[in-house]
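Q: Okay, handing you the structure first.
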Ligand SMILES: Cc1cc2nc3c(=O)[nH]c(=O)nc-3n(C[C@H](O)[C@H](O)[C@H](O)COP(=O)(O)OP(=O)(O)OC[C@H]3O[C@@H](n4cnc5c(N)ncnc54)[C@H](O)[C@@H]3O)c2cc1C
């Protein structure tokens, strides 16, 4: 396995670091206090090509590889886990379902704006009664003439309130079970489509999460994305979740390194018992744990990126990397706060935000339990949650 970066990958890595230092680091504390990300930041990322790395050239993309997306995500996450994940999810949840399953009209309508960072998607799978069990979708889409009539609620949807369009997973025929599931693209402004923000969150405060409501919302049947059923036409749309796991795993690497560097600097400066606290063995023990967490997580994430670029099945590697790296980030962030003492509880110190923020991608992209179930199924051949 060769992790040596190509000239292009190194260039994007450097550009992302420079961009994050200039455009993110000085402002992120205030964004988090205000619970608001300025939308222009996505236009700036679009101008640098960050959002179009995996998109086809004919729509304004660069048609590059996963490692390049990973390099940008890792660098951004060092300064802000939220922005790293929101830019990655624009690629995985925003564009890939359209690229893989969209019609020519759908691609022409949505991809250029997404690539330029001037249009925003949301992807609605989860509902109040369908979380880890995405097959329990209750939102219905009943065909009536040339339209589907959509009814149901989605919750905890990223970009819910700022999106220009929603991709909505719905049940078209309950008697068919998961084979009746479909994805409809619904433009904001369609009658019967409303939304509401989720406020006062523990994590990802400056990012938009909310609920989507559909009440007798008529959606032209041409707005269907791909075919029906998880294992058939809709598979491509669902595969974005696996891509998101790579984004989470590589973002965790950047955030772990940030915790490590911030903690080492703080511990070398902070003096107690007339010595820098970095000189105490129990402090160094925790710093050593952080170094190991970073090295191991980086290897897993880079391996995953490398394999994704070989187009092989990475179900196992995605679950291993997502599970491991988020566990390591959660532990590292907690240790970082602990080693900052009381100051670790103040948002003047970035470890406070990382400690809270890591809980968001710890839960989405599949919880830790879900990834253990995936790995258990792959090893034993037994699906523990089969109905
Ligand atoms: C910040 C954020 C952004 C999100 N963005 C999106 C989005 O854009 N689109 C979208 O569709 N969804 C989104 N989600 C929702 C996310 O996908 C769900 O939160 C996640 O799938 C878990 O579902 P749940 O919250 O309903 O928890 P539940 O499924 O109710 O799980 C609760 C607990 O029970 C455990 N559990 C459940 N089943 C089992 C089992 N069989 N065995 C053992 N333990 C089990 C879980 O691991 C968890 O610990 C987002 C969530 C967050 C936090």
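Q: Give me the one-decimal nm value for the distance between modelled label points at residue 311 and residue 103, 7 Å along each residue's Cα-to-Cβ direction.
A: My value for the distance between the label points is 2.6 nm.
Q: For an R0 of 22 angstrom, estimate the FRET efficiency from the Cβ-Cβ distance between residue 296 and residue 265 and round to the nearest 0.05.
A: My answer for the efficiency is 0.45.
Q: Can you list, bin by bin at 20 Å, the percent of alpha carbon pairs in the chain, starting at 0?
A: Calculated P(r), rounded to whole percents: 28, 57, 14, 1.
Q: To test your reading of the geometry: what angle, between 0 and 90 degrees and rounded to tens, separates the Cα axis of helix 368-380 from the longest principal axis of the chain?
A: It is inclined by approximately 70 degrees.
Q: Using the basic label-point model (7 angstrom from Cα toward the beta carbon), what is the residue 239 to residue 188 distance in nanometres?
A: In this crude spin-label approximation the distance works out to 2.9 nm.
Q: Give the shape of the stretch 131-177 as rounded, prolate or oblate, defined through the alpha-carbon gyration tensor: a ≥ b ≥ c are the square roots of its eigenvalues, a/c under 1.5 means rounded, and otherwise the shape is prolate if a/b is larger than b/c and oblate if not.
A: oblate
Q: For every helix of n ≥ 4 consecutive DSSP H residues, a contribution of -39,500 (n - 2.57) applies; sum these over the chain, divide by its total residues, and give [θ] at 222 nm rounded to the nearest 500 deg cm²/dmol.
A: -15500 deg cm²/dmol
Q: What is the helix-to-structure angle for 235-269, meaning the angle in degrees between its Cα long axis and the longest Cα principal axis of the chain, kept from 0 to 90 and rounded to the nearest 10?
A: Taking Cα atoms only, the helix is inclined about 20 degrees.
Q: Turning to a different aspect of this structure: Cα gyration tensor of the stretch 7-120, axes a ≥ b ≥ c as square roots of the eigenvalues: rounded (a/c below 1.5), prolate (a/b > b/c) or oblate?
A: Note, shape of the stretch 7-120 comes out oblate.
Q: Angle, helix 315-339 long axis vs. longest principal axis of the chain, Cα atoms, 0 to 90°, nearest 10?
A: Compared with the principal axis, the helix lies near 40 degrees.
Q: If you don't mind, another one. Does the stretch 238-387 classify as rounded, prolate or oblate by the C-alpha gyration tensor (a ≥ b ≥ c root eigenvalues; a/c under 1.5 gives rounded; else a/b over b/c gives prolate, otherwise oblate)?
A: prolate
Q: How far is it, in nm, from the label point at residue 144 to the one at residue 377 when both lie 7 Å from their Cα along the line to the Cβ?
A: 3.5
Q: Return the percentage of antiparallel bridges among DSSP beta bridges fully within the chain, rounded to the nearest 5 %.
A: Of the beta bridges lying entirely in the chain, close to 85 percent run antiparallel.
Q: Follow-up. Where the Cα atoms of the stretch 112-231 are projected onto their three principal axes, how long is each span, largest first, in whole Å?
A: Cα spread of the stretch 112-231 along its principal axes, largest to smallest: 40, 31, 26 Å.
Each value in this text was obtained by applying a stated rule to the coordinates, not by laboratory testing. This is a predicted model, so every value here is computed, not measured. Please note: Cβ atoms are built from the backbone with ideal geometry, for glycine as well, and neighbour counts cover all protein chains shown.
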